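Written below as structure tokens is the structure these notes are about.
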Amino acid sequence: MTLHIVVCVKQVPDWDIPPSSFKVDEAAKKVVPPAGVAPVPSQFDAIAVEAAMRIKDATGDARVTIMSLGAATARDVIKHGLAMGGDEGVLLVDDAFNSLDSNGTATVLSTAIKKLGDVDLVLTGRQAVDWDLGVTGTLIAEMVGAPVITFAKAVTVADGKVTVQRVLPDAFETVEAPLPAVVTVSNELGEPRYPKLQQIMAAAKKQVNTWGAGDLGLDAGALAPKLTLERLFVPVTDTKVEIMEGDTPEDQATALAKKLHDAKLI
Amino acid sequence: MPHGVLILAELMDGKLVPITQELVGAAQRLSAGPVSAMLIGSGVEAAASGITGVETVYVVDDPALAEYTNDAFTSAAEAVARQADPAVILLGQTNIGRDLAPALAYKLGTAVAMDTIGLEMTDGKLHTTRPAYGGNARAVNSFTASPAVATVRPKSQDPALGGSAGAVTKVAVDVSGSRTKLVERKVATAEGVRLEDANVVVSGGRGVGGPEGFETIEQLAHLLGGAVGASRAVADLGWRPVAEQVGLTGKVVSPDLYIAVAISGASQHMAGCAGSKNIIAINKDADANIFKAARFGIVGDYKAVMPALIEAVKKVKAEG
């Protein structure tokens, strides 16, 4: 039986910009992306797509749906997932989805997953690279009534079970759960594959369904935020670095060692 | 009426870990009513007396809780939360906390703020401050649901010292039927000083060019009685074990002295070391972001600087 995997991918402002170009509009409580820098798939979500593709390669019988909740431009990250080897896309876009908290986001995603109906495995990144909360995968699992395994560095599926190698700061774990299940994927899984030109061309022809709040039977009450953003700002650092002078590395090193000694740090 | 603050105590090898008293400290400073703790595991009741500065310690002790699983711990924590009925629940941003907190918040019909570094009661409501956008921004959140649940970054809060142990209340919960099953756990042991506990950390970034570049980093760490750290790029490339990764998705360290060698200072990395008391940057790029956070810096090639620094430190130490 064909395994149906859904990968949730978020479109975010490009994170790979110098910190000096990072700007926040404090009044709007929003990040202002530098001009000309296009939004990208959240890093860990692209790795979740890679995890899905590895399962597809290994089992030979899997269908992968790339799902994204966001603005109309989120179609681009769906197309990227389809170019990586995804089979079809679901774009969740509606004015009612504009300022959701994690609960609202997971409500929309889980409702769409339930609407698909036959989903065996949901993959998400361990956290989105904008808010860095790392809760959406777990909330989706709660909402669809499935077990969740977080921080995967390897995901395999066999015999109606998902087996996950988890990576933790001090340990490696192998955890398994019966399908359907939700798994969140960490960077240790490896780099996402780079689509070839013909895959990008093929992706353009793949089906992307667009669903709004009405299609999902969701009203404003179900999406009301439980966590409110009061303020978003860039922290100021007041450290002023003292650069060690010296014509040679030895002079610089000697100066630093003296400074560290005087400050009683060594 | 929800009242007080409930914290999750954590054990490692049967001993309470520092985050427990840090959470008690944070909870006390909120002045939001009595502070209680929950202790979840198997054979853990004896550790309850080590949690000080709390009124009550809720203990869920069950053989099925010997190893952490999301399902079983969520059930246990939910049962305690319903009995204690707190206004605020605090957990550590630890292996357990970051996995458990969202599920617990969902079960309680509320929301969670993850990885917070600031907690404050304003008009009787919890406001949390947390890094976002890879550490580039700070977000302040409040809650429209109750209880307010937050995970707290280790070492971001001063621990509560002293005070008396809480009265133990046992809570019986059916935690059987966990859908997730732990098949194997291998503890990654790093040699020498534990990175999170080290007073000195010497870290290397992608700029060292390869695993062999860590030779002088190891030497300097050893000389200073410190631990070796690495950037995420270095861990991802397999030059150093994941256990040494410092950053947003790795460990958070706050040593007295953090020496960043050939590390550019991406926000991702700074999220893990910004709490260090003194950051020293060695980088050949004078514009590298790391210098913005550093107290002292050397602009130069680490290959030349590190051997010279090791010699200079030896000399200074010898002279006392």
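Equivalent ellipsoid of chain B: semi-axes from √(5λ) of the C-alpha gyration tensor, largest first, are 39, 21, 18 Å.
So for chain B: antiparallel DSSP bridges make up what percent, rounded to the nearest 5? Kindly include the intermediate steps, with their values, before the conclusion.
Numbers: 14 of 59 bridges.
Percent antiparallel among DSSP bridges in chain B is about 25.
Relative to the current alpha-carbon distance between A:Asp25 and A:Gln207, full extension at 0.36 nm per residue lengthens the span by 61.9 nm. Surface calculation, 1.4 Å probe, protein heavy atoms: B:Ser164 sits at approximately 80 Å² accessible. Put simply, the amide H of A:Val24, placed in the peptide plane, has neighbours under 5 Å in A:Val32, leaving out anything fewer than 5 places away on its chain. Relative to one another, the C-alpha centroids of region B:301-320 and region A:50-69 are positioned 52 Å apart.
Between the Cα long axis of helix B:19-30 and the first principal axis of chain B there is an angle of about 70°, rounded to the nearest 10. Using the Cβ-Cβ distance between B:Ser31 and A:Arg193 with R0 = 30 Å, the FRET efficiency computed as 1/(1 + (r/R0)^6) comes to roughly 0.05.
What does the C-alpha gyration tensor say about the overall shape of the protein assembly as shown? Classify as rounded when a/c is under 1.5, otherwise prolate if a/b is larger than b/c, or oblate.
Details: a/c = 1.65, a/b = 1.21, b/c = 1.36.
Verdict is oblate for the protein assembly as shown.
With a ≥ b ≥ c taken as the square roots of the eigenvalues of the C-alpha gyration tensor of region B:195-319, please select rounded if a/c is under 1.5 and otherwise prolate if a/b is larger than b/c or oblate if it is not? Rounded. Helix B:95-107 axis versus longest C-alpha principal axis of chain B: approximately 40°, rounded to the nearest ten.
Ordered from highest to lowest accessible area with the whole protein assembly present and a 1.4 Å probe, B:Arg232, A:Arg231 read as A:Arg231, B:Arg232.
Size of the dipole of chain B about the Cα centre, Lys and Arg at +1 and Asp and Glu at -1 on the beta carbon, nothing else charged, in debye to 20?
Working: 28 positive and 32 negative charges, 124 e Å.
Dipole about the Cα centre, nearest 20: 600 debye.
Over region B:5-170, the fraction of Cα-Cα pairs per 10 Å bin, rounded to whole percents and listed from the shortest bin up, is 11, 44, 36, 8, 0.
A:Phe22 contributes about 20 Å² of solvent-accessible surface, heavy atoms of the protein only, 1.4 Å probe. Cross-link pairs exceeding 18 Å between alpha carbons, from the set A:Lys10/B:Lys107; A:Lys114/A:Lys206; A:Lys264/B:Lys317; A:Lys259/B:Lys317; A:Lys264/B:Lys277: A:Lys10/B:Lys107; A:Lys114/A:Lys206. Extending 7 Å from Cα along the Cβ direction at A:Glu250 and again at B:Leu223 yields two label points whose distance is 1.4 nm. Accessible surface calculations at 1.4 Å, restricted to protein heavy atoms, place the protein assembly as shown at 41 Å² per residue. Chains A and B together bury some 6700 Å² of accessible area, summed over both sides, with a 1.4 Å probe.
Taken about its Cα centre, the protein assembly as shown carries a charge dipole of roughly 440 debye when the Cβ of each Lys and Arg holds +1 and the Cβ of each Asp and Glu holds -1. Cα extents for region B:1-85 along the principal axes, largest to smallest and rounded to whole angstrom: 35, 26, 18. Heavy atoms only, probe 1.4 Å: what % of the accessible area of region A:98-178 goes to carbon and sulfur, would you let me know? For region A:98-178, the apolar C and S fraction of the accessible surface comes to 47 percent.
Which value, in debye to the nearest 20, gives the size of the charge dipole of chain A about its Cα centre, when Lys and Arg are +1 and Asp and Glu are -1 at the Cβ?
Working: 25 positive and 35 negative charges, 120 e Å.
The calculated dipole for chain A is roughly 580 debye.
Relative to the longest principal axis of the Cα atoms of chain B, helix B:70-84 runs at roughly 60 degrees.
For region A:3-223, the calculated P(r), taken from all Cα-Cα distances in 5 Å bins from zero up to the bin holding the longest distance, is 1, 7, 15, 20, 21, 17, 11, 6, 2, 0, 0 percent. In summary, the helical segments of chain A meeting the span-like criteria, namely a full DSSP H run, a Cα extent along the axis of 24 angstrom or more and a mean Kyte-Doolittle hydropathy of at least 0.0, are A:43-59. Once the Cβ-Cβ distance of A:Asp14 and B:Asp85 is raised to the sixth power relative to R0 = 56 Å, the FRET efficiency obtained is 0.80. Spin-label pair B:Asp287-B:Lys107: with each label point 7 Å from Cα along the Cα-Cβ axis, the two points sit 5.2 nm from one another. Each Lys or Arg adds one and each Asp or Glu takes one away; over the other residues whose Cβ falls under 13 Å from the Cβ of B:Ala27, this sums to -3. Using a probe of 1.4 Å, the accessible surface attributed to B:His127 totals some 40 Å² when neighbouring protein chains are kept in position.
Only helical runs count toward this figure. For chain A, summing -39,500 (n - 2.57) over DSSP H runs of n ≥ 4 and dividing by all residues gives -9000 deg cm²/dmol at 222 nm. Dividing the Cα radius of gyration of region A:115-260 by 2.2 N^0.38 Å, with N the residue count, gives 1.63.
Between B:Arg194 and A:Leu116, the simple spin-label model (points 7 angstrom out along Cα→Cβ) gives 4.1 nm.
Counting only protein heavy atoms and a 1.4 Å probe, tell me what percentage of region B:195-319's accessible area is made up of carbon and sulfur. Carbon-and-sulfur percentage of accessible area, whole number: 50.
Considering only protein heavy atoms and a probe of 1.4 Å, how much of the accessible area of region B:58-154 is carbon and sulfur, as a whole percent?
Numbers: 1200 of 2680 Å².
Ligands and nucleic acids excluded, carbon and sulfur give 45 percent.
Before anything else, pin down the relative contact order of chain B: Cα pairs under 8 Å, at least 6 apart, normalised by residue count, whole percent. Provide the component values of the computation, followed by the final result.
Working: 722 pairs, mean separation 47.0, N = 320.
Value for chain B: 15 percent.
The values are calculated or read from the model by the stated rules, or taken from the named source; none is laboratory data. Small disclaimer: the values here were computed from a predicted structure and weren't measured. Cβ coordinates were reconstructed from backbone atoms using ideal geometry, including for glycine residues, and neighbour counts include every protein chain displayed. Heavy atoms of the whole protein, side chains included, go into the accessibility calculation; ligands, DNA and RNA do not. Shrake-Rupley method; radii C 1.70, N 1.55, O 1.52, S 1.80 Å.
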